[in-house]
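What follows is one structure encoded as structure tokens, with my remarks underneath.
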Amino acid sequence: MAVLQLKDQQFPLSEGTIRIGTGADADVVLPTDAALGVQAVIERTGDHAIAIRRAAPQAEVRVNGVLLGAEPTPLVHGDKVEVAGLELRFADESKRGATHYMSVEAIPPEGGARRTGAAREVAPSGGRLVSLVDGKEYAVPEKGLVIGRDAGCDVVVPRNEVSRRHAELAPTENGYVVRDTSSNGVFVNGEKIQGSHRLSRSDVIRVGGEEFRFYADVLNPTPASTSIATKEGVVLRSESPAPSLANTLFNQRSVETPAEPLVVLEVLNEGPSKGIRYAIRTPLAQVGRGANNDVRLTDESVSEIHARLERRDDGWYVVDMNSTNGTYVGGSRVTGERRLDGAPDVRFGGVKLRFIPAGMKPDEAAARASRAAEERKRAVPAAAQVATDASPAAGTSRILWVLLALVIAAVVIFVLRGRA
């Protein structure tokens with residue numbers, strides 16, 4: 001059964017159409033202005049697919065902070081739905097079953113992403129987690145946050161091997177601490193922790209099969225970055241900017257008007273860097289942490305020479321340069337190279353940017369990226385069904401039936417020969 005949760009109140013979602021809002025026409029009545037009427041509609045079909053849409057063009061409905069457009073969007077376990085200023089949680093009860101315990105042999109002791117560079121102590125402020133799956137960020141409030149399978153967790157990981165409340169992360173006087181409350185363990189930088197573990201900047205936390213990179217304010221910050229970029233037309237730079245191979249400023253206030261860029265990369269990570277744009281004006285640009293890159297990202301998760309962007313006859317490509325923490329397009333890790341169609345989200349290590357080709361406005365690029373994310377979400381249930389149908393159990397069952405048929409055929413032949 002699927003439900004919507006509003007604080008301690010639950011609303012079961014039956015088959016058909018469920019209207020959310022206020023007034024007599026609402027199936028899920030919200031404790032807010034009665035004059036608003038129905039604001040959102042959830043439709044549940046026979047194949048258990050569940051989607052939400054606006055009830056009217058003027059209604060404001062958000063899913064995980066993203067404003068819905070005219071098209072409906074599917075809901076998955078743990079999604080945050082905001083209607084009329086109130087936040088509801090969507091929970092799929094099928095995801096709440098008992099935790100699947102994993103044997104010691106089944107849990108990989110090592111592997112996955114790790115912290116790059118030396119451990120850096122952090123202050124108890126500015127804490128955030130960045131998903132290494134889809135680049136989504138989660139701020140760590142003063143009260144801390146909970147990671148787990150339950151829809152009420154702050155960070156939901158809907159996997160069977162993940163406990164309902166798998167881990168807790170909170171600030172202390174000496175920085176941030178992650179505490180293991182799970183059955184199958186919490187890993188930091190590939191090693192299983194025992195009880196609680198004090199975190200350093202850029203540590204990688206693994207819960208089930210998903211990884212998150214941790215960031216916070218450092219105790220002894222290094223000098224400001226020498227990267228050059230712009231944000232809302234204002235130049236952000238340090239005392240001595242580093243040289244660049246090809247990249248120049250986007251919207252820089254200068255005497256000469258620069259040529260129109262071929263591509264703009266816009267930072268999507270929450271924090272002071274959000275909205276910074278890097279312009280690319282050549283068909284080949286290098287991305288990395290080193291000073292001589294065209295796009296310099298001074299983040300510990302980015303390799304010295306991380307990736308290349310290349311314009312070819314059939315479009316733009318991103319090429320991973322054997323980076324430590326990987327290059328991702330639309331949440332999927334790049335092996336070798338990948339063509340960049342439309343305006344996808346591209347992540348280098350823990351830095352997520354939007355790829356905006358020439359002639360496309362940022363709002364249009366954001367809309368395209370949102371539609372692409374919805375399509376990926378729709379594809380997940382179908383892929384899961386295919387995996388279920390192709391499971392070893394199903395294959396074993398078919399083999400048994402074939403063997404049984406052969407045995408029956410052999411018996412029939414034996415009996416007929418005996419009568420002859």
Task: strands (runs of 3 or more DSSP E) contained entirely in the stretch 313-365, each with at least 1 residues that are in contact with a helix residue (DSSP H, G or I) (Cβ under 8 Å, 6 or more places away or on another chain), in contact (Cβ under 8 Å) with a residue 12 or more places away in the chain and not hydrophobic (A, V, I, L, M, F, W, C) - done: 345-348, 351-357
Open item on the list: Where the second residue is at pLDDT below 85 and open to solvent by less than 10 Å² (accessible area, probe 1.4 Å) and the first is farther than 14 Å from Phe348 by Cβ and lies in the stretch 259-270, which pairs have Cβ atoms under 9 Å and are six or more apart or on separate chains?
Closed with: Val264/Ala365; Glu270/Val130
- [ ] Filter the stretch 185-195 down to residues that are open to solvent by less than 40 Å² (accessible area, probe 1.4 Å) and either out of contact with any Lys or Arg (no Cβ under 8 Å at 6 or more places or on another chain) or among the acidic types (Asp, Glu) (or both), then give me how many there are.
- [x] 1
Task: Positions within the stretch 10-27 being closer than 19 Å to Arg89 by Cβ, of a type in the set (A, V, I, L, M) and without any contact (Cβ under 8 Å) to a residue 60 or more places away in the chain, in sequence order - done: Leu13, Ile18, Ala26
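Yes/no matrix, rows are residues, columns are (1) assigned to a loop (DSSP other than H, G, I, E, B); (2) of a type in the set (Ser, Thr, Tyr); (3) open to solvent by 20 Å² or more (accessible area, probe 1.4 Å); (4) in contact with a helix residue (DSSP H, G or I) (Cβ under 6 Å, 6 or more places away or on another chain):
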| site | (1), (2), (3), (4) |
| --- | --- |
| Tyr176 | no, yes, no, no |
| Ser183 | yes, yes, yes, no |
| His197 | no, no, yes, no |
| Ser202 | yes, yes, no, no |
| Ile205 | no, no, no, no |
| Arg213 | no, no, no, no |
Task: Per-region count, the stretch 8-26, residues touching a strand residue (DSSP E or B) at 6+ places or on another chain (Cβ under 9 Å), surrounded by fewer than 16 Cβ atoms within 10 Å (Cβ to Cβ) and either modelled with pLDDT under 85 or in a strand (DSSP E or B) (or both) - done: 6
Open item on the list: If Val29 satisfies all but one of (1) open to solvent by less than 70 Å² (accessible area, probe 1.4 Å); (2) within 15 Å of Leu86 (Cβ to Cβ), what's the number of the condition it fails?
Closed with: (1)
Open item on the list: Quick check on my filter: what residues within the stretch 159-168 are open to solvent by 20 Å² or more (accessible area, probe 1.4 Å) and either over 15 Å from the mean Cα position of the chain (by Cα) or under 21 Å from Arg198 (Cα atoms) (or both)?
Closed with: Asn160, Glu161, Arg164, Arg165, Glu168
- [ ] Considering only the stretch 116-155, state which residues are under 20 Å from the mean Cα position of the chain (by Cα) and modelled with pLDDT under 65.
- [x] none
Task: Residue list for the stretch 137-158, restricted to those being surrounded by fewer than 17 Cβ atoms within 10 Å (Cβ to Cβ) and assigned to a loop (DSSP other than H, G, I, E, B) - done: Pro141, Glu142, Lys143, Gly152
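Each row is one residue, and each column tells you yes or no for (1) within 24 Å of Glu210 (Cα to Cα); (2) open to solvent by less than 10 Å² (accessible area, probe 1.4 Å); (3) not β-branched (Val, Ile, Thr).
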| residue | (1), (2), (3) |
| --- | --- |
| Leu265 | no, yes, yes |
| Ser273 | no, no, yes |
| Arg277 | no, no, yes |
| Ser301 | yes, yes, yes |
| Val318 | yes, yes, no |
| Val329 | yes, no, no |
| Val346 | yes, yes, no |
| Gly350 | yes, yes, yes |
Task: Odd one out for Pro171 among (1) in contact with a strand residue (DSSP E or B) (Cβ under 6 Å, 6 or more places away or on another chain); (2) open to solvent by less than 50 Å² (accessible area, probe 1.4 Å) - done: (1)
Open item on the list: Looking at Ala285 and the list (1) of a type in the set (A, V, I, L, M, F, W, C); (2) touching a residue at least 40 places away in the same chain (Cβ under 8 Å); (3) within 27 Å of Arg201 (Cβ to Cβ); (4) part of a strand (DSSP E or B), which single condition is not satisfied?
Closed with: (3)
Task: Failed criterion for Asp341 (all others in (1) of a type outside the set (S, T, N, Q); (2) farther than 23 Å from Leu129 by Cα; (3) open to solvent by 50 Å² or more (accessible area, probe 1.4 Å); (4) modelled with pLDDT under 85 hold) - done: (4)
TODO: Return the total of residues in the stretch 317-332 being closer than 16 Å to Arg354 by Cα and out of contact with any strand residue (DSSP E or B) (no Cβ under 7 Å at 6 or more places or on another chain).
DONE: 2
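The values are calculated or read from the model by the stated rules, or taken from the named source; none is laboratory data. Given the structure is predicted, the values throughout are model-derived calculations rather than measurements. All Cβ positions, glycine included, derive from the backbone under ideal geometry; neighbour counts span all protein chains shown. What goes into the accessible areas is simple: the full protein's heavy atoms, side chains included, and nothing from ligands, DNA or RNA. Shrake-Rupley method; radii C 1.70, N 1.55, O 1.52, S 1.80 Å.
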